[in-house]
Structures are given as structure tokens and as C-alpha cells.
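Nothing in this text is a laboratory measurement; each read-out follows from the coordinates by a stated rule. Keep in mind it's a predicted model, so treat the numbers as computed, not measured. Note that each Cβ is placed from the backbone with ideal geometry, even for glycine, and that neighbours are counted across all protein chains shown.
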Amino acid sequence: MLTDLQDLNLAKQPLERNTEQLGERIRLLLKEKNAILLTHIYQRLEIQRVSDYVADSLALSRLASKTDAEVIVFCGVHFMAETAKLLSPQKTVLLPDLASGCPMADMITAKDLVNFKKDNPDAPVVCYINSSAAVKAESDICCTSTNAVDIVRSIPGDRVIFVPDKGLGSWVQREVLDKQIIIYDGFCPTHYQITTNEVHRLRKAHPEAVIIAHPECDPSVWELADFVGSTSQIYKFAEECPQEEVIVLSEHGLIRRMQADMPQKKFLMTFPNPLCPNMKYHRLESVINALENMVHEINIPEYGVANGLFERAQRTIQKMFEITEAKYSRNYWLGARQEGFSVMSIA
Ligand code: SF4
């Protein structure tokens, strides 16, 4: 059973020659095309190694809005690249493998949301950033798992619609008691693989370990955790907690990266390992293909000027930044590249 990552500390092993050459080609192409490579922490480690920045969705969306590069290559899932395009419409945004979508984001369409709103016409809509541009356009404000509680608290009134993630929505409801959160029935198939039985098994086998969970897990799972937080908050908590054994209820790529960065700790995960297959589609070869041929560009043509959907989706994200910028502007990973591996630190 594959639950102990200390023996799997592949991140620090020397790269195969071919992988190294592909990485060098990517760095060269990025320079040639005045491009930046933004990578989510769930991605393959060989992609993380050659990226300009490795971070979670909040940090990546902020970086996408601030970069001077003409081209953004996004190694994440489709909604993340779409968010980058919304924030930087004048830039070319490439998603190396267009099959890389998010099943949770696909659980709600703009039409579904319009119908959902009909039952609750006076409640403002908060959408998780894991949603399409069309859903964002039908929402009042966006949030990430890092700032969801603050965003919901900032909204006047006592009722709020939250889409699409019922795990995160339930977590927000637990933290914000003076509002009724009307939660859509979407979920993350990867985090929902984690079962309470597995958590109990690990707790019994490792009684000294601390348990940390992502709120995208089923509420019955995150209720068993000692700490619940977003990807960046999980990373920070693991770095700062005194425990040497850490049980992480989240995606495999994050845990693998933490094990690589914190070899003095022992990270444990549930079985089967919660791996998001959609995040692993991108390969070094597909990054090279996208850059060489300038293909797999993200466009949002259906949200034309006529109906203003592009601008409405953009505004939904910008409102989030306006509310949380002061609190979270420094709470992200800075991925200065060093010795071929992006170094993450939380400011
Ligand atoms: S881990 Fe879950 S929420 Fe994240 S991209 Fe995969 S399916 Fe979507």
C-alpha cells in the first residue's frame, strides 16, 4: 500500500537526460516567445521544475494579472487558464493539453445556475474559482478556497448562494453562522475519494500524527481533521507544525511536493492515493508543442462584446481581489527558480 512518501522522494533525484533536455528546450522557448510558465502545484514534478511559478489558484490568478510576459503558458486545468485570459485579455494564454478540464467545474453550466437562482432570487451568488467563465458571468463574486470565508462574510444580507462545491460550501457554512448558505450539489471527485474509514485507519496507525484536510473533501472527512485549509494554507501549516508525521487529506501532487520540500517530515496519504488525473495531462512534450507552434490557445469567443459576458466574468474575479487584496496579497508562493527547481516560500 502506497501511503508513505519518504521512500518516494523522487523530486530531488537527478533528472533523466531526456527530461533535462526537454526542460532546457522549454526554458529557451519561453525566453524566445517572451512567455511565462505558470504551474499548479498538483502538476507533475518535472513540469514544476522548469516553471517560473508554482502555486495554488489564487496566487496563479494574481500572477497572471500582473505579468509583463506576452504569452502565458498555463499548466493547470481549463478554468485556471480561462481565468488567466479573463484577467489578461490582451495576452496569449496557452493550455498545453486542452483535455485538462476540471470535473467539478463541469458539474454546473450557466443555464444550471440561472435555474438555481430562480429558486432563490434575492440571494447573491458566490462562485468558487473552479467554474467556467460563463458561470462566473452569472455570479456576483468569485472566491478561492483560501478566501471563501472572507468573501462570504463581506456580502450583505443573510442568504448567499454558493456554487459549485458542496465540500467548500459546507466549510464556509460552518465558519459563517450568521448567514444561510444555499449550496449547489457539485463536488471534487478526487477529494471525495477520501473516506472516513481511511482517515480512522491512518489515525490509529499513526496516533502522534497531525491531520490536515482540504475543504473540498466530504464534510464527514474534513470534520476528522485537526486543521482545514486551502492548498497554500495546508503547505504553510505543514511547514510550521511541530509534528513530524503529517496525514494530508488532499491531492497526491501537493503531498508529493511537500515531501520533497520537507524531507525531515513524514507525509502520509489515504489509499487509493487521491490523484486528479485531469491535472496530469500536461507533459514536457505538450508544453514544447504549445510554445513551438503557438497552439492550444484559450479564447472565450462565445462571451463576445455584445452580451458583455466576458466583462461580467472579469468583474466577478476583480471584485474578489478588491475585497481580499490587502489580506492575501502577500499570502502566496513566490517561485523564484533555483537550480532548476522552483523554490516555494510563503510570504
Ligand atoms: S482536484 Fe478536483 S477541483 Fe481540482 S482540478 Fe481536479 S477535479 Fe477539479
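Quick notes on this structure:
- Applying Stokes-Einstein at 10 °C and 1.306 mPa s to the Kirkwood radius of the stretch 87-185, computed over alpha-carbon pairs, gives a translational diffusion coefficient of 113 µm² s⁻¹.
- For the stretch 191-275, the equivalent ellipsoid derived from the alpha-carbon gyration tensor has semi-axes of 17, 14, 12 Å in decreasing order.
- Taking a straight Cα-Cα cut-off under 22 Å and skipping sequence neighbours fewer than 8 places away in the same chain, the lysines within cross-link reach of residue 236 are 12, 265, 266, 327.
- Radius, Kirkwood style, for the stretch 12-168 when every pair of distinct Cα atoms is counted (Å): 17.0
- Local charge for residue 178 was computed over the other residues whose Cβ lies under 10 Å away, with Lys and Arg +1 and Asp and Glu -1, and equals +1.
- Burial ranking of peptide ranges 134-141, 212-219 (average Cβ count within 10 Å, highest at the top): 212-219, 134-141
- A convex hull fitted to the Cα coordinates of the stretch 147-254 yields 103 cubic angstrom per residue.
- Greater than 26 Å apart at Cα, pairs in 91/319; 111/319; 91/166: 91/166
- Note, ³J(HN,Hα) from phi for the stretch 154-167, Karplus 6.51, -1.76, 1.60, rounded to Hz, x at Gly and Pro: 6, 8, x, x, 10, 9, 9, 8, 10, 9, x, 8, 6, x
- Pairwise FRET efficiency - residue 293 versus residue 68, Cβ, R0 = 22 Å, nearest 0.05: 0.40
- Selected from 19, 221, 135, residue furthest toward positive end of dipole (the chain; charges at beta carbon): 19
- Gain on full extension, evaluated as 0.36 nm per residue between residue 115 and residue 239 minus their Cα-Cα distance, stands at 40.3 nm.
- Reduced Cα scattering model of the stretch 25-114, Debye log10 I(q)/I(0), q = 0.12, 0.18, 0.24 Å⁻¹: -0.36, -0.76, -1.26
- Reachable aspartates and glutamates, given that their alpha-carbon falls under 15 Å from the alpha-carbon of residue 31 and they are not under 8 places away in the same chain: 52, 68, 70, 292
- Dimensions (Å) - the chain, Cα atoms, principal axes, largest first: 57, 53, 33
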